[in-house]
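The values are calculated or read from the model by the stated rules, or taken from the named source; none is laboratory data. Please read all numbers here as calculations on a predicted model, not as lab measurements. A quick note on method: Cβ atoms are made from the backbone with ideal geometry, for glycine too, and the neighbour counts reach across all protein chains shown.
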Amino acid sequence: MLKKRPLKSQIDIFLRMPLDLVLFLIVMMAALVVFNYSQKTAIIVGSGVALYAIIALILYFTQKGKIMPQLYSFAIEQGQVQRSMLQQLAVPYALLDVDGMILWHNKGFEYMVGSSDIEDNIHTYFPMMNDDMFPASPDDVTEFSMAYEDRQYKIQFRMIKEDVADEEEDEELNLSRFDNKNANTLIVAYFFDETAYRKLQQDYTDQRLVAGLIYIDNFDEVLESIEEARQPLLIALVDRKINKTINDIEGIIRKPEKDKYFVVFQQKYLNQLKAEKFALLDEIRDINVGNELPVTISLSIGKGSPNFQTCYADARLAMDMALGRGGDQVVIKDGEKIEYYGGQNTVVEKNTRVRARVKAHALQGIIENKERVVIMGHHLPDADAIGSAIGVYILAKAYHKEAHICINEATVSIRPILDNFRNNTLYDDDMFINNEQAKKIVDSDTLLMIVDVNRPSYTECPELLEKTKTIVVFDHHRQSGETISNAVLSYVEPYASSACEMVAEVLQYTNQPIDMSAMEADALYAGMMIDTGNFVQKTGARTFEAAAYLRRKGCDVVRVRKMFRDSMDAIRHKAEAIRDAEQYREQYAFAIFPTDGVDSPTVVASQVANELLDVEGIGASFVLSNIDGTIYISARSIDMINVQVVMEKFGGGGHSNASGAQVIDGDPQEIIATIKRYLDEIDQVGDFLPKEEDESEETENV
């Protein structure tokens with residue numbers, strides 16, 4: 001690359017230009033002579049050229065001495081003015097080489113770093129910087145924000161290619177100490193102080209209003225558990241604690257219904273509530289005036305939208321999410337982002353069946369207006385998914401509707417159930433269909449029934465959700481951020497033991513008589529039995545009532561038990577996993593299930609997790625199985641921690657005492673180490689652990 005000429009040389013060339021033109025005119029005159037133009041013409045042209053040359057020479061030598069110093073002085077003065085302006089520029093400014101060495105800086109930079117003696121690398125003052133922040137090519141610009149001392153700066157880097165051949169400029173920038181390769185490559189750094197802007201922005205954010213809803217989850221159940229004379233006292237205590245909390249954060253609260261509150265407060269107080277871990281939930285739960293059940297509340301907050309109506313709508317959606325997850329928690333919806341707090345305690349079963357009856361009548365109305373019903377559960381369905389699907393199939397047939405169950409792959413856990421229906425002349429050949437068949441059947445006149453799952457990505461065939469607008473969801477798992485948002489009817493009850501229990505209740509409220517066979521009753525009972533671990537987990541009065549209904553319909557408990565006996569190979573693999581299980585801190589069990597040669601390893605792994613809970617002192621178990629590079633985690637607990645919260649860390653979910661997750665391309669040992677860190681954090685901060693209470697009649701009722 002040619003270096004740029006010094007300023008003095010450029011001016012000299014400019015002044016010599018008239019003399020250089022003399023040579024051109026001489027050549028032209030010679031051409032006239034060569035091409036036999038008249039002698040007279042040549043003499044005239046030659047005289048003109050000579051006169052021009054004499055005048056140009058006189059002007060050059062007489063004016064050069066006057067013009068050159070003035071032009072050069074003007075250029076230097078302008079450069080000095082520019083440098084002076086840069087020196088006095090309020091914005092801190094510095095020139096760096098490609099290694100970050102400070103070549104030149106202005107007064108603003110000195111004031112920013114608090115020193116006038118600056119000959120160091122930029123990293124000395126900003127250790128958090130690295131060379132990757134510099135532009136990669138000329139004319140590129142990189143920007144980033146950074147805190148320095150007690151100020152906030154937006155730093156802008158520009159790369160320039162500058163040829164500095166003047167000795168004076170070279171000396172001023174001190175480039176002589178650098179190699180020639182990088183001497184003409186400079187990094188310009190601007191430091192824009194954004195402290196006031198950031199503070200203004202933070203003040204604006206803090207003062208924005210958020211909308212909140214507070215619902216008492218079990219208002220009627222708690223009042224029924226105490227004598228009538230104490231009911232006003234209980235209500236007054238709940239009102240007092242809720243009002244005190246909102247008043248302390250300078251909020252506004254209104255009570256439109258006996259068990260519902262609407263609150264408004266500034267967003268800056270939300271961090272305060274988070275820091276207190278939403279102590280209001282614990283304060284309400286500690287109220288005891290003789291009530292057998294603890295009072296629990298759900299709090300939802302909508303924030304992040306400049307439109308307050310949108311914040312309120314988000315708060316309503318967040319409340320639906322909180323209730324769908326079992327209540328006793330806080331859900332914050334900030335645009336698409338959803339945060340969960342609390343929700344660690346066992347969900348209390350609701351004794352009333354009003355909601356089940358309402359949902360049953362709504363479902364019947366939808367079925368009556370549709371031509372066909374397609375039912376599907378989650379991918380790799382278990383006994384609960386296939387049992388509840390068969391229950392809905394029975395209901396559709398009672399209304400003489402075309403019905404199909406979408407299932408692609410039958411694991412060993414459900415084959416005994418499916419074998420009873422396949423190749424059975426009492427049932428249609430297309431009772432069970434695969435994904436491709438379902439895609440051809442589902443249209444706008446089809447009811448798509450989703451059972452035992454509420455996440456669209458977990459369903460057997462997610463594409464079906466886009467083919468019809470009539471979708472109904474029946475599930476007993478806690479909701480997460482991913483939901484089936486376009487369902488016309490959603491019945492999600494985390495207190496239910498299983499989807500089969502929910503369907504069995506609905507079948508009892510139909511207007512049409514249900515002619516259920518013993519084989520169908522077995523399928524529903526099997527789903528309840530598997531999901532409750534033989535009726536020892538998440539089992540309430542309504543669970544046994546649903547089981548009694550199925551028993552009256554011909555269910556045979558012994559026959560169901562025979563369907564789910566394990567093979568000898570499965571028993572050996574379970575024994576191997578249990579033998580090699582690791583006991584952590586005497587209360588947690590970890591095991592890696594060997595999947596080679598096992599049909600449906602995830603099912604057997606979940607059985608291992610259940611059996612590890614039978615070990616004395618073990619409160620939670622985690623069993624991992626590796627299937628084609630994907631790690632499946634089965635988590636189970638009795639009453640020590642909420643494993644559903646732990647599994648949510650891996651994108652999974654489920655119940656407080658039975659949950660799971662999938663990790664693609666994961667390492668089992670790394671996953672176990674991560675779970676252990678979560679468990680350590682839980683014990684340190686006290687999160688996710690149930691409160692130490694008197695586990696007497698209250699726990700038994702739960």
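For Ile242, state whether it is outside any strand (DSSP E or B) and in contact with a strand residue (DSSP E or B) (Cβ under 8 Å, 6 or more places away or on another chain). Yes: the conditions hold for Ile242.
The C-beta contact set for region 312-326 (first residue within 16 Å of Val263 (Cβ to Cβ), second residue of a type in the set (Lys, Arg), distance under 9 angstrom, 6+ apart or interchain) comprises Asp314/Lys303; Asp314/Lys333; Ala315/Lys303; Ala315/Lys333; Ala318/Lys333.
Restricting attention to region 500-543 and to residues that are at positive phi and not polar (S, T, N, Q), the residue that is farthest from the chain's Cα centre (by Cα) turns out to be Phe535.
Every residue, every condition in (1) without any contact (Cβ under 8 Å) to a residue 40 or more places away in the chain; (2) at positive phi; (3) hydroxyl-bearing (Ser, Thr, Tyr), yes or no:
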residue	(1), (2), (3)
Gln587	no, no, no
Thr602	no, no, yes
Leu613	yes, no, no
Gly619	yes, no, no
Ala635	yes, no, no
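Being farther than 29 Å from Ala362 by Cβ, over 39 Å from the mean Cα position of the chain (by Cα) and not β-branched (Val, Ile, Thr) is true for just one of Arg559, Arg552. Which residue is that?
When all the criteria are applied, what remains is Arg559.
Among the residues of region 296-326 satisfying the criterion of being more than 21 Å from the chain's Cα centre (by Cα) and of a type in the set (A, V, I, L, M, F, W, C), which is surrounded by the fewest Cβ atoms within 10 Å (Cβ to Cβ)? Out of the qualifying residues, it is Phe308.
Tell me the residue from Val603, Val608, Val598 that is farther than 28 Å from Gly342 by Cα, at pLDDT 90 or above and among the β-branched types (Val, Ile, Thr), please. Reasoning before the result, please.
Details: Val603 fails: at pLDDT 90 or above; Val598 fails: at pLDDT 90 or above.
None of the other options fit; the residue is Val608.
Every residue, every condition in (1) in a loop (DSSP other than H, G, I, E, B); (2) over 30 Å from Asp220 (Cα atoms); (3) at pLDDT 90 or above; (4) not small (Gly, Ala, Ser), yes or no:
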position	(1), (2), (3), (4)
Ile367	no, yes, yes, yes
Lys370	yes, yes, yes, yes
Ile375	no, yes, yes, yes
Ile386	no, yes, yes, yes
Ala396	no, yes, yes, no
Ser413	yes, yes, no, no
Asn424	yes, yes, no, yes
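The number of residues in region 428-450 being farther than 24 Å from Lys359 by Cβ, part of a loop (DSSP other than H, G, I, E, B) and β-branched (Val, Ile, Thr) comes to 0.
Within region 500-518, not a single residue is within 17 Å of Pro416 (Cα to Cα), in contact with an Asp or Glu (Cβ under 7 Å, 6 or more places away or on another chain), modelled with pLDDT of 85 or more and of a type outside the set (A, V, I, L, M, F, W, C). Only one entry in Leu237, Leu293 is surrounded by 15 or more Cβ atoms within 10 Å (Cβ to Cβ) and in a loop (DSSP other than H, G, I, E, B), namely Leu293.
Residue by residue, here is whether (1) under 18 Å from Gly387 (Cβ atoms); (2) of a type in the set (Ser, Thr, Tyr); (3) in contact (Cβ under 8 Å) with a residue 12 or more places away in the chain holds:
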{"site": "His404", "(1), (2), (3)": "yes, no, yes"}
{"site": "Ile407", "(1), (2), (3)": "yes, no, yes"}
{"site": "Leu418", "(1), (2), (3)": "yes, no, yes"}
{"site": "Ala438", "(1), (2), (3)": "no, no, yes"}
{"site": "Asp445", "(1), (2), (3)": "no, no, yes"}
{"site": "Tyr458", "(1), (2), (3)": "yes, yes, yes"}
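Among all positions in region 185-192, there is at least one residue which is under 30 Å from Lys268 (Cβ atoms), modelled with pLDDT of 80 or more and not in a helix (DSSP H, G or I).
Within region 457-494, the residues that satisfy the criterion of being touching an Asp or Glu at 6+ places or on another chain (Cβ under 8 Å) and more than 25 Å from Glu648 (Cα to Cα) are Lys467, Thr468. From the list Lys553, Lys538, the one residue that fits, being modelled with pLDDT under 85 and among the charged types (D, E, K, R), is Lys538. Select from region 454-466 the residues that are at pLDDT below 90 and either β-branched (Val, Ile, Thr) or not in a helix (DSSP H, G or I) (or both) and list them in ascending order. Asn454, Arg455 - these are the residues of region 454-466 that are at pLDDT below 90 and either β-branched (Val, Ile, Thr) or not in a helix (DSSP H, G or I) (or both).
Of the residues making up region 108-146, those that are surrounded by 12 or more Cβ atoms within 10 Å (Cβ to Cβ), in a strand (DSSP E or B) and aliphatic (A, V, I, L, M) number 1. Of the residues in region 503-516, none is outside the structural domain of Gly660 (by TED's automatic domain parsing), free of Cβ contacts under 8 Å to residues at least 60 places away in the same chain and buried (at least 24 other Cβ atoms within 10 Å of the Cβ).
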